[in-house]
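Participant: Dropping a structure here in structure tokens format, bear with me for questions.
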Amino acid sequence: MNLINRISIVVFMLLTLSVSAMAHYHTLGGIVKSEKNGKPLFGATVTVQNTALGAKTKNDGTFIIKKMHKGEYIITFSFVGYETKKYKVTIEPNDERDLDMGEVVLKESEVLASPIVVTATRSEKVYEDVPVKISVLDNRIFERTASISLKEGLGFQPALRIETNCQNCGYSQIRLNGLEGKYAQILIDGRPVFSALNSVYGLDQLPTNMIDRVEVMRGGGSALYGGNAIAGVVNIITKLPSNNEFSLDVNNSFTDFKTPDRNINFNTSLVNNDQDLGLSIYANSHSRNAWDANGDGFTELTDLQVKSLGANLFYKPSYLSTIKAGYQSTYHKTRGGNLLALAPHETDITEQISHNTQLYSLQYEQYIGGTSDKFSAYASYQDTKRNSYYGTNKDPNAYGYTDNNTLAAGVQYNHIIDDFLGVHVLTAGYEFNRDYIFDNMTGYKRVVDQTSQTHGVYLQDDWEIAKELDIVLGARVDKNNFIDKAVIIPRANILYKPIKDLSIRGTFSTGYRAPQAFDEDLHIEFVGGTVKMITNSKDLKPEYSNSFSFSADYSFRIADFPMAISGEFFRTQIDDAFALEDRGTNPDGTVISERINASSAKVTGGTIELQAQLSSMFNLKTGYTLQESKYNQAIVWLDADEKNGVAEQSSDLILRTPNQYGFFTLNSQITDNFDIDLSGIITGEMYTPHYAGGILPSGEENTKNELVKTPTFFELNAKACYKFSSYPDFELYLGVQNVLNQYQSDFDRGVNRDSGYIYGPGRPRTIYGGVKLRV
């Protein structure tokens, strides 16, 4: 039997299962309430295990699930900050009645995180039973911190830091477990379609109103998600329709109390009466005026425009199958430098970048009737067109064009074996990733024309030996076209619960990165009035990593108030680690940094987290990280220039990486209608290069190239929100970001400034206010 015939038979079987008999079905309903105060819970998730059926509760806590067939089901109720509860429901063959579960009461959990996660094992699982450390960022944090984009909200996660790297263009990146952004794999709905190009400015391009939650898996995730997940995985899960609803959020901010920053969010979702067809639509418009911190006429915050429009659709052909489709269109433009009203080539310095991005996704999920097995097939495609100008001194040739498209597609099968040895959840899959980029910057005689392809096969056994012990063993085999041989990536995780409220986790994982163009290759900095660019060494080899982590979570109560404390130790070693060494100046005046293989790099550290319901009014979440990040050999960050009397300078530190950083969020519910939220981010001392050329705050020319030890910053934010008791729901909010105005004070001035000499909080003191309407 040939391959085409085999595929035809499989497709026919799946379609047959999808159109199973629909002669009569039942309805399951009820109301979900809090045990603490007896109030309805809005947005609680109700799922029917091993089926495509489910619902979310409405404003009054009620839910309805239709198209329930005869049989025995497990109904799962989950809500952020509450313990997950399961019920067994049986529908007899001759029973014609609908089922009313009455009141389902959920108890507060000590762990104030999302109860169900998918990133750790590529399947839905209750967090307490996952052998991998996961943290979750949801809408509550986005709202409490008034985060407009993913960039603003991600910093409120343990062992994760957001930094801005350029005054002229606003380029920013994630640092996870002390490693640069290129070591963290960003996923959209579990798919690695967020390309190297998009990662340069992409954190500003993702509005929070498109996001249901973000799952962050710290430590190596390459065994499931491929080579770039050395530091971990950031999985952005977008909103799916659940009920008929509409919301509008209008926010106005003023940077330094004077520079406008405007944002509008729109969301709506529709679900038909049979709950087998749903559509959600989201839109965002964000416009920020440029801001100059020191009055020299050059920007520290860029002029920014982001417009997004997206939709998610689901269709359930049967109670065992779901088809999901998604689309997002994003326009992003940012500009910095000076003389912003003029054309870029009429200025002293301009970095102007515009992106038009289209993202398409399609997924099919099929539960196999009578079993717990699940088959899924998926494909995501992202296409980005970029126009750019990186130029100085009225250069007419500094315009550029970039074409980038990324495809991620694959299939996955989950199979459960329940025998006397325990429960095995076997996961097997194949994934294909292709990234094509053409980047042409004629003025600098640089063309990147690259296609990266990876075929990956993965297998995992999530083995629950007992309720107290769970082990995950898995491996992935990748074949990348930039590496001669296939790469085998093993993984091992263990979860042990010696007592009811204590969970101990251990992890070992490996990873790799291929020697290809990465995000910062597509970003240009200006130093001393000239351009700084990156090239790859001709001898560049792949880098490989080994990661270990050990964590313990303990939940307890004080005076009946839930609390949870967590500690984690992590260590990552990267052999043949990529590093940038300064190579001086080309004859055309361009400063060159070359990517080479260092001997190795190590990041070792620990994180402590605390979650607490301090009283009936106060809810606290905080995390703090201590770490050390070093190369085994010193890296040349400044090449010698004998002609100008400049000596070589090197360091074994991984630069721009603080040894300590942390965050907190504190919600105070003064009344049922009035909330006050405090939040903060602390960034410790770190070393960052400062190149000569610019004018210092004193007015003198900077003639020194040096590593600067930056100060510690504490960024404090405050927000007050009042919700009116009316229909539709209506709320007003006011707030101040960076209340203490902890902001860098020693920016270079003038045309020859070092645009990469930027650190600390991403903005100065900013006041904002807004209104939100929800129907």
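The values are calculated or read from the model by the stated rules, or taken from the named source; none is laboratory data. Note that the structure is a prediction, hence the values are computed from the model and not measured. Don't worry about glycine lacking a Cβ; one is built from the backbone with ideal geometry, like all the others, and counts go over all protein chains shown. Heavy atoms of the whole protein, side chains included, go into the accessibility calculation; ligands, DNA and RNA do not. Shrake-Rupley method; radii C 1.70, N 1.55, O 1.52, S 1.80 Å.
Participant: Past the 18 Å Cα-Cα mark, which pairs from LYS67/LYS107; LYS621/LYS723; LYS56/LYS316; LYS39/LYS67?
Facilitator: Correct reply: LYS67/LYS107; LYS621/LYS723; LYS39/LYS67.
Participant: Using the C-alpha atoms of region 668-775, what convex hull volume per residue, in cubic angstrom, is computed?
Facilitator: Once divided by residue count, the hull of region 668-775 is 121 Å³.
Participant: Determine the shape class of region 623-688: with a ≥ b ≥ c the square roots of the Cα gyration tensor eigenvalues, call it rounded for a/c under 1.5, and otherwise prolate if a/b is greater than b/c, oblate otherwise.
Facilitator: Cα axes put region 623-688 in the prolate bin.
Participant: I've got another one for you. How far, in degrees from 0 to 90, does helix 196-205 lean away from the longest principal axis of the Cα atoms of the chain, to the nearest 10?
Facilitator: Roughly 70 degrees between the two axes.
Participant: Taking the Cβ of ARG218 as the center, what net charge do the other residues with Cβ under 9 Å away carry, scoring Lys and Arg +1 and Asp and Glu -1?
Facilitator: Within the 9 Å Cβ shell, the charges total 0.
Participant: Separate question: Where Lys and Arg each count +1 and Asp and Glu each count -1, what net charge lies around PHE142 among other residues with Cβ under 11 Å from its Cβ?
Facilitator: Local charge sum for PHE142: -2.
Participant: Right, here's the next one. Taking the dipole about the Cα centre of the chain, with the C-beta of Lys and Arg at +1 and of Asp and Glu at -1, give me whichever of GLY336, LEU301, ILE565 is farthest to the positive side.
Facilitator: With unit charges placed on the Cβ atoms, the residue in question is ILE565.
Participant: Radius of gyration and Dmax for region 554-699's Cα atoms, expressed in Å?
Facilitator: Spelled out, the Cα radius of gyration and Dmax of region 554-699 are 23.0, 72 Å.
Participant: Could you work out [θ]222 nm for the chain from helices alone, using -39500 (n - 2.57) per DSSP H run of at least four and dividing by all its residues? Round to the nearest 500 deg cm²/dmol.
Facilitator: Estimated from H runs of four or more residues: -1500 deg cm²/dmol.
Participant: Heavy atoms only, 1.4 Å probe, whole protein assembly: order MET617, MET217 by accessible area, highest first.
Facilitator: Sorted by accessible area, descending: MET617, MET217.
Participant: Name the shape class, rounded, prolate or oblate, that the alpha-carbon gyration tensor gives for region 215-280, where a ≥ b ≥ c are the square roots of its eigenvalues, rounded holds for a/c under 1.5, and otherwise prolate holds if a/b is larger than b/c and oblate otherwise.
Facilitator: Oblate is the answer for region 215-280, as a/c is 1.5 or above yet b/c matches or exceeds a/b.
Participant: When the Cα atoms of region 43-152 are enclosed in a convex hull and the volume is divided per residue, what value in Å³ results?
Facilitator: Convex hull of Cα atoms, per residue: 139 Å³.
Participant: So, one more: With every protein chain present, what is the per residue accessible area of the chain (1.4 Å probe, Å²)?
Facilitator: The answer is 40 Å² per residue.
Participant: Nearest 10 degrees, 0 to 90: what angle lies between the long axis of helix 3-18 and the longest principal axis of the chain (Cα atoms)?
Facilitator: 60 degrees
Participant: Would you work out what percent of the accessible area of the chain, with all protein chains in place, is carbon or sulfur (probe 1.4 Å)?
Facilitator: 57 percent
Participant: Related question: I need the peptides 116-129, 660-673 ranked by packing, meaning the mean over residues of other C-beta atoms within 10 angstrom, with the highest value on top.
Facilitator: Going by the mean number of other Cβ atoms within 10 Å, highest first, we get 116-129, 660-673.
Participant: Run the dipole for the chain about the Cα centre, Lys and Arg Cβ at +1, Asp and Glu Cβ at -1, nothing else charged, and hand back the magnitude in debye, nearest 20.
Facilitator: 1100 debye
Participant: What Kirkwood hydrodynamic radius, in Å, does region 102-189 give when the mean of 1/r is taken over all pairs of distinct Cα atoms and then inverted?
Facilitator: It works out to 15.4 Å.
Participant: Right, something else. Cα atoms only, region 374-460: Rg and Dmax in Å?
Facilitator: Rg and Dmax of region 374-460, Cα atoms, are 21.8, 75 Å.
Participant: Moving to a separate point now. Translational diffusion coefficient, Stokes-Einstein: compute it for region 584-627 using the Kirkwood radius over C-alpha pairs as Rh, at 37 °C and 0.692 mPa s, and state it as an integer in µm² s⁻¹.
Facilitator: 210 µm²/s
Participant: Hey, how much of the P(r) for the chain falls beyond 40 Å, as a percent of Cα pairs?
Facilitator: Every Cα pair in the chain considered, those over 40 Å come to 34 percent.
Participant: P(r) for region 132-255, please, calculated from all Cα pair distances in 5 Å bins and given in %.
Facilitator: Result, from short to long distances: 2, 10, 21, 25, 20, 12, 6, 4, 1 percent.
Participant: Quick check on region 262-351: what does the Kirkwood estimate of hydrodynamic radius come out to from the alpha carbon pairs, in Å?
Facilitator: Averaging 1/r across every pair of different Cα atoms and inverting gives 16.3 Å.
Participant: So how compact is region 735-775: Cα radius of gyration and Dmax in angstrom?
Facilitator: Cα only, region 735-775: 15.7, 53 Å (Rg, Dmax).
Participant: Grab the other residues whose beta carbon is less than 9 angstrom from that of TYR757, score K and R as +1, D and E as -1, and report the net.
Facilitator: Counting the neighbours of TYR757, the net charge comes to -2.
Participant: Follow-up question, since we're still on this one. So which of LYS485/LYS602; LYS36/LYS125; LYS88/LYS125 end up more than 23 Å apart by C-alpha?
Facilitator: Result: LYS485/LYS602; LYS36/LYS125 exceed 23 Å.
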